[in-house]
1. Can you give me the % of accessible surface on the chain that is carbon or sulfur? Probe 1.4 Å, all protein chains present, nothing else counted.
2. Projecting each Cα onto the charge dipole of the stretch 41-174 (Lys/Arg +1, Asp/Glu -1 at the beta carbon, about the Cα centre), which of THR123, PRO41, PRO162 comes out farthest on the positive side?
3. Considering only the other residues whose Cβ falls under 10 Å of the Cβ of ARG126, what net charge follows from Lys and Arg at +1 and Asp and Glu at -1?
4. Which stretch or stretches of the stretch 36-63 have amide N atoms under 14 Å from the point lying 7 Å from THR7's Cα along the Cα→Cβ direction?
5. Taking H as built 1.01 Å from N, whose amide H comes closer than 5 Å to the amide H of ALA117, not counting residues under 5 places away?
6. Can you tell me what share of the DSSP beta bridges in the chain is antiparallel? A percent to the nearest 5 is fine.
7. What number comes out for accessible area per residue over the chain if the probe is 1.4 Å? Units Å², please.
8. Run the numbers for GLN115 and SER127: contour at 0.36 nm per residue of separation, minus the present Cα-Cα distance, in nm.
Amino acid sequence: ARSPRSTCVLADGNRLPVRPGRADVVTFAQSWHWLDHEHAPAEMARALRPGGWWAAWWNQATAGEPWWDTYQSALAASCPSYFEQHLSPDWSHGSITAGGLLTHAGSAAIRWTRQIAIDDWITDDRSKSYVIELAPAARENLLARLAAIISQRFPDAQMQVPYTTRLWLARKPA
(Lines give C-alpha, C1' and ligand atoms only; values in the text may rest on other atoms or scores of the structure.)
Protein backbone atom coordinates (compact mmCIF):
# COMPACT_ATOMS: atom_id res chain seq x y z
CA ALA A 1 0.00 0.00 0.00
CA ARG A 2 2.89 2.38 0.77
CA SER A 3 5.01 1.33 -2.20
CA PRO A 4 2.64 0.33 -5.01
CA ARG A 5 5.50 -0.30 -7.46
CA SER A 6 7.20 -2.77 -5.08
CA THR A 7 6.49 -6.45 -5.31
CA CYS A 8 6.68 -8.83 -2.40
CA VAL A 9 6.88 -12.57 -3.13
CA LEU A 10 6.37 -15.35 -0.63
CA ALA A 11 8.21 -18.38 -1.98
CA ASP A 12 10.38 -21.42 -1.33
CA GLY A 13 13.86 -20.01 -0.74
CA ASN A 14 15.46 -23.01 -2.45
CA ARG A 15 13.72 -22.14 -5.75
CA LEU A 16 12.80 -18.48 -6.00
CA PRO A 17 10.18 -17.68 -8.68
CA VAL A 18 12.10 -14.75 -10.17
CA ARG A 19 14.22 -14.30 -13.25
CA PRO A 20 17.98 -14.06 -12.70
CA GLY A 21 19.23 -10.72 -11.44
CA ARG A 22 15.79 -9.29 -10.67
CA ALA A 23 15.57 -9.13 -6.85
CA ASP A 24 16.83 -6.11 -4.93
CA VAL A 25 16.68 -7.97 -1.62
CA VAL A 26 15.89 -11.45 -0.31
CA THR A 27 15.08 -11.81 3.38
CA PHE A 28 14.69 -14.64 5.85
CA ALA A 29 13.13 -14.12 9.27
CA GLN A 30 14.00 -17.12 11.42
CA SER A 31 13.89 -19.40 8.39
CA TRP A 32 17.32 -19.53 6.72
CA HIS A 33 18.16 -22.75 8.57
CA TRP A 34 15.36 -24.57 6.71
CA LEU A 35 17.03 -24.14 3.32
CA ASP A 36 19.48 -26.47 1.65
CA HIS A 37 22.76 -24.73 2.47
CA GLU A 38 24.55 -26.57 -0.33
CA HIS A 39 22.38 -24.86 -2.96
CA ALA A 40 20.56 -21.88 -1.40
CA PRO A 41 23.48 -19.39 -1.56
CA ALA A 42 23.77 -19.94 -5.33
CA GLU A 43 20.00 -19.48 -5.67
CA MET A 44 20.21 -16.19 -3.77
CA ALA A 45 23.06 -15.01 -6.00
CA ARG A 46 21.08 -16.05 -9.10
CA ALA A 47 18.00 -14.09 -8.04
CA LEU A 48 19.75 -10.94 -6.81
CA ARG A 49 20.71 -8.11 -9.10
CA PRO A 50 24.34 -6.92 -8.87
CA GLY A 51 24.56 -4.94 -5.63
CA GLY A 52 21.45 -6.70 -4.24
CA TRP A 53 21.09 -7.61 -0.58
CA TRP A 54 20.51 -10.80 1.40
CA ALA A 55 19.27 -10.32 4.97
CA ALA A 56 18.42 -12.82 7.67
CA TRP A 57 17.58 -12.41 11.32
CA TRP A 58 17.02 -14.69 14.24
CA ASN A 59 15.67 -14.12 17.74
CA GLN A 60 17.58 -16.02 20.42
CA ALA A 61 16.75 -16.37 24.07
CA THR A 62 19.90 -15.70 26.09
CA ALA A 63 18.71 -16.38 29.62
CA GLY A 64 22.03 -17.47 31.13
CA GLU A 65 20.40 -18.62 34.37
CA PRO A 66 20.22 -22.07 36.02
CA TRP A 67 16.60 -22.64 34.94
CA TRP A 68 17.67 -22.05 31.32
CA ASP A 69 20.40 -24.66 31.52
CA THR A 70 17.97 -27.19 33.03
CA TYR A 71 15.41 -26.35 30.34
CA GLN A 72 18.00 -26.81 27.56
CA SER A 73 19.13 -30.13 29.06
CA ALA A 74 15.54 -31.41 29.11
CA LEU A 75 15.10 -30.51 25.43
CA ALA A 76 18.39 -32.12 24.44
CA ALA A 77 17.62 -35.31 26.40
CA SER A 78 14.09 -35.69 24.99
CA CYS A 79 14.33 -34.48 21.39
CA PRO A 80 16.66 -36.44 19.10
CA SER A 81 16.79 -33.66 16.49
CA TYR A 82 17.29 -30.84 18.98
CA PHE A 83 20.69 -29.22 18.92
CA GLU A 84 21.90 -26.08 20.56
CA GLN A 85 23.44 -24.77 17.32
CA HIS A 86 20.62 -22.23 17.09
CA LEU A 87 21.85 -20.72 20.34
CA SER A 88 25.16 -19.89 18.72
CA PRO A 89 25.53 -16.19 17.90
CA ASP A 90 26.65 -17.09 14.36
CA TRP A 91 24.32 -20.03 13.79
CA SER A 92 24.17 -19.87 10.02
CA HIS A 93 25.53 -16.71 8.44
CA GLY A 94 28.71 -18.33 7.16
CA SER A 95 26.77 -20.56 4.77
CA ILE A 96 25.60 -17.62 2.64
CA THR A 97 29.12 -16.38 1.90
CA ALA A 98 30.87 -19.77 1.71
CA GLY A 99 30.80 -20.03 -2.08
CA GLY A 100 32.04 -16.48 -2.63
CA LEU A 101 28.96 -15.47 -4.66
CA LEU A 102 27.83 -13.07 -1.93
CA THR A 103 30.04 -11.11 0.44
CA HIS A 104 29.52 -10.35 4.11
CA ALA A 105 28.07 -6.85 4.45
CA GLY A 106 27.51 -6.46 8.16
CA SER A 107 25.66 -7.67 11.19
CA ALA A 108 23.92 -6.29 14.23
CA ALA A 109 22.77 -7.60 17.58
CA ILE A 110 19.87 -5.99 19.41
CA ARG A 111 19.22 -7.00 23.01
CA TRP A 112 15.72 -6.90 24.44
CA THR A 113 13.54 -8.60 27.02
CA ARG A 114 10.60 -10.77 26.11
CA GLN A 115 7.71 -10.70 28.55
CA ILE A 116 5.53 -13.75 28.05
CA ALA A 117 3.18 -15.97 30.03
CA ILE A 118 4.43 -19.49 30.67
CA ASP A 119 1.43 -20.96 28.81
CA ASP A 120 2.31 -18.89 25.74
CA TRP A 121 5.96 -19.98 25.96
CA ILE A 122 4.86 -23.63 26.06
CA THR A 123 2.58 -23.00 23.06
CA ASP A 124 5.68 -21.71 21.22
CA ASP A 125 7.59 -24.84 22.25
CA ARG A 126 4.73 -27.00 20.97
CA SER A 127 5.24 -25.51 17.48
CA LYS A 128 8.94 -26.37 17.19
CA SER A 129 9.82 -29.19 14.81
CA TYR A 130 11.96 -31.10 17.31
CA VAL A 131 8.98 -31.17 19.73
CA ILE A 132 6.34 -31.89 17.07
CA GLU A 133 8.17 -35.01 15.89
CA LEU A 134 7.90 -36.66 19.32
CA ALA A 135 5.21 -39.27 19.95
CA PRO A 136 2.15 -37.58 21.51
CA ALA A 137 2.69 -39.00 25.02
CA ALA A 138 6.41 -38.13 24.99
CA ARG A 139 5.63 -34.64 23.69
CA GLU A 140 3.06 -33.93 26.43
CA ASN A 141 5.42 -35.33 29.08
CA LEU A 142 8.24 -33.08 27.89
CA LEU A 143 6.03 -29.99 27.73
CA ALA A 144 4.80 -30.65 31.28
CA ARG A 145 8.43 -31.00 32.47
CA LEU A 146 9.41 -27.77 30.70
CA ALA A 147 6.47 -25.93 32.25
CA ALA A 148 7.49 -27.20 35.70
CA ILE A 149 11.10 -26.04 35.20
CA ILE A 150 9.93 -22.60 34.11
CA SER A 151 7.32 -22.34 36.87
CA GLN A 152 9.98 -22.82 39.53
CA ARG A 153 11.81 -19.74 38.24
CA PHE A 154 8.69 -17.68 37.45
CA PRO A 155 6.10 -18.58 40.10
CA ASP A 156 3.75 -15.78 38.97
CA ALA A 157 3.56 -17.47 35.50
CA GLN A 158 4.99 -14.35 33.82
CA MET A 159 8.41 -14.79 32.26
CA GLN A 160 10.96 -12.11 31.52
CA VAL A 161 13.57 -13.63 29.24
CA PRO A 162 16.57 -11.79 27.78
CA TYR A 163 16.73 -12.09 24.00
CA THR A 164 19.06 -11.01 21.26
CA THR A 165 17.87 -10.41 17.72
CA ARG A 166 20.76 -10.97 15.35
CA LEU A 167 20.75 -9.57 11.83
CA TRP A 168 23.16 -10.69 9.12
CA LEU A 169 23.64 -8.96 5.79
CA ALA A 170 25.37 -10.08 2.61
CA ARG A 171 25.58 -8.44 -0.77
CA LYS A 172 26.02 -9.57 -4.33
CA PRO A 173 29.03 -7.76 -5.80
CA ALA A 174 28.11 -5.00 -8.26
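1. Summing carbon and sulfur atoms, their accessible area is 54 percent of the total for the chain.
2. PRO41
3. Charge balance near ARG126 sits at -1.
4. 47-49
5. Amide H to amide H, under 5 Å and 5 or more residues apart or across chains, ALA117 pairs with MET159.
6. In the chain, DSSP labels about 80 percent of beta bridges as antiparallel.
7. Spelled out: the 1.4 Å probe surface of the chain, per residue, equals 59 Å².
8. 2.5 nm
The values are calculated or read from the model by the stated rules, or taken from the named source; none is laboratory data. All figures in this text were calculated on a predicted structure; none of them were measured in a lab. As a convention, Cβ positions derive from the backbone with ideal geometry for all residues, glycine included, and neighbour counts pool all protein chains shown. Side chains are part of the model used for accessible areas, which takes the heavy atoms of the whole protein and leaves out ligands, DNA and RNA. Shrake-Rupley method; radii C 1.70, N 1.55, O 1.52, S 1.80 Å.
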